[in-house]
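Q: Please see the structure below; I have some questions.
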Amino acid sequence: VQLQASGGGSVQAGDSLRLSCAASGRTFSSLSMGWYRQASGKQRELVALITSGGSANYADSVKGRFTIPRDDAKNTVYLQMNSLKPEDTAVYYCNAYYYGLNYWGQGTLVTVSS
């Protein structure tokens, strides 16, 4: 599975941003997809994930602000980030999970200034 993430940038607190991750190499609808992030000096953490069946889960820190829609027709998963906070600043990584195997895209940097 190849993953191509895009959409990062620099925004102000309270702004919105949408990340995209395009997948290829597997039937996209069979993949569980996730977004992780890694802030400077911290470990990578799960932000949100969505199963092949469409069930989504979120880290407590982003519940109510982020959503993870997927478009199987476009082989793409998104991370819609609203009400961004400075603590959301991190490199965001797209992940695909398929039968015990994890695939990672390149990171995309999100910087939120106060």
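The values are calculated or read from the model by the stated rules, or taken from the named source; none is laboratory data. These numbers come from a predicted model, not from an experiment. Every residue, glycine as well, gets a Cβ built from its backbone with ideal geometry; the counts of neighbours run over all protein chains shown. The area values use the complete protein model at the heavy-atom level, side chains included, leaving out ligands, DNA and RNA. Shrake-Rupley method; radii C 1.70, N 1.55, O 1.52, S 1.80 Å.
Q: Taking amide H positions as placed 1.01 Å from N in the peptide plane, with prolines and chain starts having none, which residues 5 or more places from residue 47, or on another chain, fall under 5 Å of its amide H?
A: Result for residue 47 returns 35, 36, 37.
Q: Now a separate question. Relative contact order for the stretch 60-114 using alpha-carbon pairs under 8 Å, separation at least 6, rounded to a whole percent? Show your work: numbers first, answer last.
A: Numbers: 68 pairs, mean separation 15.5, N = 55.
Computed over the stretch 60-114, the figure is 28 percent.
Q: What does the convex hull of the Cα atoms come to per residue for the chain, in Å³? If you can, show how the numbers build up before the last one.
A: Details: hull volume 10.4 nm³, N = 114.
That works out to 91 Å³ per residue.
Q: How do 53-64, 3-14 rank on mean C-beta neighbours within 10 Å, highest first? Walk me through the numbers on the way to the answer.
A: Values: 53-64: 12.2, 3-14: 14.8.
Highest to lowest by the protection proxy: 3-14, 53-64.
Q: Suppose a student asked you for the relative contact order of the stretch 4-92, using Cα pairs under 8 Å spaced at least 6 residues apart; what percent would you report? Each step should come with its number before you reach the end.
A: On the way: 158 pairs, mean separation 30.6, N = 89.
Relative contact order here is 34 percent.
Q: Which whole-number value in Å² is the accessible area per residue of the chain, probe 1.4 Å?
A: On the way: 5890 Å² over 114 residues.
On a per-residue basis, 52 Å².
Q: Okay, moving on. For the stretch 23-114, with only Lys/Arg (+1) and Asp/Glu (-1) charged at the beta-carbon, what is the dipole magnitude about the Cα centre, in debye rounded to 20?
A: On the way: 9 positive and 6 negative charges, 10 e Å.
Approximately 40 debye in magnitude.
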